[in-house]
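Data block below; observations after.
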Amino acid sequence: MLLRSNRRVDLVSGIALAWCLLAVTTAPAGPGDVVPEQPAPAASLALSLEQLACMNWGDLEQLYRQAGPGPIPTGYLRGRTIYCPDARFSSSQSKISKALWHGKHFCPEATLVNQWCLGIRAVRARICLGESWLDGQPSILMDYRGMSHVIWKDVRDEIREIAPGLYLGIMYRCKTGQPRMKMFFALELESCDP
């Protein structure tokens, strides 16, 4: 029994390390970088996790800015990370994170826990409504600071509902007190239909 428990701890540690490496190596555009203007995606367009993952960061940011926070979700939301397509190793990071991270479980007590491969749930966060670090407008905040003591101890996510049951999010790291955007991600409420 102890051997099995140690394997699970090793697996969780390995997953956490891989995720950390993915988040640290992402190099999004900085404040001085020029991002070409792109037309806004049509608001009436039915979006999915896969479609969001194929959009450029300019379109994602515009879509995020146009959305409101929506209701704080409850239950399991399937997830997808969206790395900067121009960043080094972006394609590899996307493939690895898709295999490792599957989404988030939103709990009624205003917390969440991330869903990893093999059904492992780890890395908790507090949830509340608050100001976006992107534009100062209302967002649903997911703060890992003070809840996650190893890898995500300096991470805060925020999401907005861009379509019913579909949320677009931004992950920030605050290593030196100044938040830095690391990536977009998308969450989709799992349907209860058979």
Legend entry - Total residues in region 114-154, condition touching a residue at least 40 places away in the same chain (Cβ under 8 Å) and assigned to a strand (DSSP E or B): 8
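Okay, residues lined up against (1) at pLDDT 90 or above; (2) closer than 17 Å to Y172 by Cβ; (3) surrounded by 16 or more Cβ atoms within 10 Å (Cβ to Cβ); (4) touching a Cys at 6+ places or on another chain (Cβ under 6 Å):
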position: Q38; (1), (2), (3), (4): no, no, no, no
position: R65; (1), (2), (3), (4): yes, yes, no, no
position: C84; (1), (2), (3), (4): no, yes, yes, no
position: K95; (1), (2), (3), (4): no, no, no, no
position: I140; (1), (2), (3), (4): yes, yes, yes, no
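From the list G169, G103, pick out the single residue that is at positive phi and buried (at least 16 other Cβ atoms within 10 Å of the Cβ).
Values: G169 fails: at positive phi.
Criteria check complete, one pass: G103.
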Legend entry - Test: residue in region 146-163 that is under 23 Å from P69 (Cα atoms) and loosely packed, with under 15 Cβ neighbours inside 10 Å: no
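The values are calculated or read from the model by the stated rules, or taken from the named source; none is laboratory data. Since this is a predicted model, take the numbers as computed values, not measurements. Note that we place each Cβ from the backbone using ideal geometry, even for glycine, and neighbour counts take in every protein chain shown.
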